[in-house]
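Q: The structure that follows is given in the form of structure tokens.
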Amino acid sequence: APLKMKFRKVILASVLLLAMANIAVALTFDEERLRLKQFVTSEERIRSHGYPAESHTVETSDGYLLTLFRIPYSPKLNNQRAKRPAFLLQHGLFSNSDCWLSSGPENSLAYLLADAGFDVWLGNARGNIYSRANAKITLNSPKFWKFSWHEIGTIDIAAMIDYIRDLTGEQAVHYAGHSQGTTVYLALMSTRKEYNAKIKTAHLLAPCAFFEHGRHAVFQLGALVGTPGGVWNLLLEDMELMPKNAIVNRIADTLCAEQPDLGAQCKKVVLWYAGDGYRNTNLTSLQVLIETHPGGSSSNQGIHYLQLSKSHKFRQFDYGTKKNQEIYNQDTPPDYELNKITARTYSYSSANDALCGPRDVDTLVANMPYLVEDYRVPDPSWNHMDFIVANQMREVINDRVVGAAKAYERM
């Protein structure tokens, strides 16, 4: 174990030094710009926009303490005592609840849902900046980070849904997820099938399940992950990936400063992750998002996605033949049974998504016989991040989500 930790430190230090060297070449550092911004939580951000906000802690069956933020009602409506359907929003990889707030009350889905009469809940997965505690394990222990998005779906999302149902008295909730927020939904609904009855409508923004045709450069890292159960897997698994800290904050603040040239650099770096082009991107929203991003995650989440890109299947975590036999009683991990998802589910995808592109969405849709709608954004430039930071996301995506949920409720 000590040797493993030393190897990890060497790898992380090398990656960090390489990244900082490249950034130093690309940017002229200005100490005045390299300031640490005051951290603003989702609850504070909601209140700053004039909406009521609450913070709730949900303990999972394995001890993780998850933070749920809530917008119980809209100040624009006199409906504090009226019945308000519950709506849970779940973020993507490296993200957190702020992704649903960064574009402000006029465009962000959280506020639009509140204004439409919904009781809005913002989830935070284990390991991100709002959910960094466990009742049984310390944060610095590798055991804390021993999870993938499978556990986020089958344990965290399940716990959130049950907490909301118990507190509000609602028998079922509405759900929307972006990117990994769609993956965890699919994992939960196909594995713990009783949860389908606890969903009224579900909205998958940039749905991610299959990666056979992923054109993003990140998929080339599959070779680095190596053989499941092999030495590289053992060195890279069970640790924090992309933590939010002072160094990352300073670099991000410089990249996303208000100067036009650095603003362009910010777009290039963030949208390298999202897909080509950024003509739809609201840079102000992106700057707000950067303040609390990256949000932190386990390296196993990234490893699990890379496994899917290599196997061309949507299946559970691959531990290697020996451990797979112990856990699954078979040599390879089982596929998620997408055809068993009966909840009223809507898909929203785009052609310019380099991570979860149209051909892989085709595969997902073909495996979901109960899917209600397969909506493809007409704009050919719409990318993975546009679902949460685009100038036109209200008209293109959010109004459709709100409309479908309202139609279900007959509001």
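The values are calculated or read from the model by the stated rules, or taken from the named source; none is laboratory data. Fair warning: this is a prediction, and the values are worked out from it, not measured in the lab. Neighbour counts run over all protein chains shown; Cβ positions are idealised from the backbone, glycine included.
Q: Anything in the range 318-335 that is touching a helix residue (DSSP H, G or I) at 6+ places or on another chain (Cβ under 8 Å) and modelled with pLDDT of 95 or more? List them, or say none.
A: Result: GLN330, ASP331, THR332, PRO333, PRO334.
Q: Evaluate the following for LEU188: is it buried (at least 23 other Cβ atoms within 10 Å of the Cβ), farther than 29 Å from SER48 by Cβ and touching a Ser or Thr at 6+ places or on another chain (Cβ under 6 Å)?
A: Yes, satisfied.
Q: Sticking with this one: Take the conditions modelled with pLDDT of 95 or more and under 26 Å from GLY123 (Cβ atoms) and apply them to TYR370. Does it pass?
A: Considered against the rule, which asks whether it is modelled with pLDDT of 95 or more and under 26 Å from GLY123 (Cβ atoms), TYR370 comes out as yes.
Q: Considering each of ASP374, ASP379, ASP399, ASP360 in turn, give the residue that is outside any loop (DSSP other than H, G, I, E, B), among the acidic types (Asp, Glu), out of contact with any Phe, Trp or Tyr (no Cβ under 9 Å at 6 or more places or on another chain) and in contact (Cβ under 8 Å) with a residue 24 or more places away in the chain.
A: It is ASP399.
Q: Right, something else. List the pairs whose first member sits in the range 315-343 and is on the phi > 0 side of the Ramachandran plot, whose second member is part of a helix (DSSP H, G or I), and whose Cβ atoms are under 8 Å apart, counting only residues at least 6 apart or on separate chains?
A: Close Cβ pairs (under 8 Å, with a partner that is part of a helix (DSSP H, G or I)) amount to GLY320/ASN233.
Q: Right, next: Evaluate the range 334-342: report whether one residue or more is touching an Asp or Glu at 6+ places or on another chain (Cβ under 9 Å) and more than 23 Å from PHE147 (Cβ to Cβ).
A: Looking for residues that are touching an Asp or Glu at 6+ places or on another chain (Cβ under 9 Å) and more than 23 Å from PHE147 (Cβ to Cβ), one finds none in the range 334-342, hence no.
Q: Let me ask you something else. Quick test for you: out of GLY127, GLY177, pick the one residue that is touching a Pro at 6+ places or on another chain (Cβ under 9 Å) and under 30 Å from ALA354 (Cα atoms).
A: Within the list GLY127, GLY177, the selection yields GLY177.
Q: Which ones in the range 360-404 are in contact with a Lys or Arg (Cβ under 9 Å, 6 or more places away or on another chain) and buried (at least 24 other Cβ atoms within 10 Å of the Cβ)?
A: Listed by number, the list holds a single entry, VAL361.
Q: Moving on. Exactly one of (1) touching a Ser or Thr at 6+ places or on another chain (Cβ under 9 Å); (2) surrounded by fewer than 23 Cβ atoms within 10 Å (Cβ to Cβ) is unmet by ILE152. Its number?
A: Every condition holds for ILE152 apart from (2).
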